[in-house]
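I have placed the structure first, in the form of structure tokens, so that the comments after it can refer back to it.
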């Protein structure tokens, strides 16, 4: 997702690492992504939400996979190019521009806030999570890379070798247990799971 690190693109010429990841024809990569989306859908099935914010929706790929059958979904991102792609992939959805940790919504606006692959990009992830909690009145669905597995997988396939597999822009690195501890400071973790190489958590805002 590109909410924290906006990348501006011209219509028809837009690209991003997230878009490239999801459109890469490599069968193993597509299998891992499909497995990740199934894990996220399993957590999503534990919620009952009438309106949802996809915070850091990027190009709307997760929205298309996970939220297609959900009503009242708004996607938010900081990249004009990403939002243009997202609106094409999700033509019946509403979108807004904005960033963490300053979301343009009143407190407790949404039953569920989805924020996938964003918190690892933030210089102040505590403030970002606090903002997600502020605009949710019930639940959060979060995901981040599971470290050091994420970096290790990148390194072994020859990606970002100069940075020992670390993706550009990733400034926070959590193992699954470390991320659950991080999230538990501000919200209540109801359920969590791993889908190599990611960690996913369903949280309640009390």
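The values are calculated or read from the model by the stated rules, or taken from the named source; none is laboratory data. These numbers come from a predicted model, not from an experiment. Don't worry about glycine lacking a Cβ; one is built from the backbone with ideal geometry, like all the others, and counts go over all protein chains shown.
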*asked:* Let me spell it out: the conditions are (1) under 25 Å from residue 194 (Cα atoms); (2) touching a strand residue (DSSP E or B) at 6+ places or on another chain (Cβ under 6 Å); (3) surrounded by fewer than 24 Cβ atoms within 10 Å (Cβ to Cβ), and residue 133 meets all of them except one. Which number is the exception?
replied: (2)
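Would you be able to say whether some residue in segment 115-129 is out of contact with any helix residue (DSSP H, G or I) (no Cβ under 7 Å at 6 or more places or on another chain), surrounded by 15 or more Cβ atoms within 10 Å (Cβ to Cβ) and closer than 24 Å to residue 50 by Cα? Steps first, please.
Looking only at segment 115-129, we keep the residues that are out of contact with any helix residue (DSSP H, G or I) (no Cβ under 7 Å at 6 or more places or on another chain), and these are 117-118, 120-121, 123-124, 126-127.
From the residues that got through so far, the ones that are surrounded by 15 or more Cβ atoms within 10 Å (Cβ to Cβ) too are 117-118, 120-121.
Going one step further and asking which of them are closer than 24 Å to residue 50 by Cα, we end up with 117-118.
Yes; the residues of segment 115-129 include at least one that is out of contact with any helix residue (DSSP H, G or I) (no Cβ under 7 Å at 6 or more places or on another chain), surrounded by 15 or more Cβ atoms within 10 Å (Cβ to Cβ) and closer than 24 Å to residue 50 by Cα.
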*asked:* I'd like to verify a number: residues in segment 16-30 that are in contact with a helix residue (DSSP H, G or I) (Cβ under 8 Å, 6 or more places away or on another chain) and either exposed (fewer than 15 other Cβ atoms within 10 Å of the Cβ) or in a helix (DSSP H, G or I) (or both), how many?
replied: 6
*Hey, can you tell me all the residues within segment 31-58 that are surrounded by 12 or more Cβ atoms within 10 Å (Cβ to Cβ), free of Cβ contacts under 8 Å to residues at least 60 places away in the same chain and either in a loop (DSSP other than H, G, I, E, B) or over 17 Å from the mean Cα position of the chain (by Cα) (or both)?*
57, 58
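Given the options 112, 100, name the one that is under 19 Å from residue 193 (Cβ atoms) and surrounded by 24 or more Cβ atoms within 10 Å (Cβ to Cβ). Break it down into steps so the answer makes sense when it comes.
On the way: 100 fails: under 19 Å from residue 193 (Cβ atoms).
Answer to the selection: 112.
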*Within segment 6-20, is there a residue that is more than 22 Å from residue 98 (Cα to Cα), at pLDDT below 85 and within 18 Å of the chain's Cα centre (by Cα)?*
yes
*Looking at (1) in a helix (DSSP H, G or I); (2) touching a helix residue (DSSP H, G or I) at 6+ places or on another chain (Cβ under 9 Å), which is the only condition residue 84 fails?*
(2)
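So, residue 179, is that one closer than 21 Å to residue 47 by Cβ, buried (at least 19 other Cβ atoms within 10 Å of the Cβ) and either in contact with a strand residue (DSSP E or B) (Cβ under 8 Å, 6 or more places away or on another chain) or at pLDDT 95 or above (or both) or not?
yes
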_Residues of segment 135-162 satisfying the condition of being outside any loop (DSSP other than H, G, I, E, B), in contact with a helix residue (DSSP H, G or I) (Cβ under 9 Å, 6 or more places away or on another chain) and free of Cβ contacts under 8 Å to residues at least 12 places away in the same chain_ = 155, 161
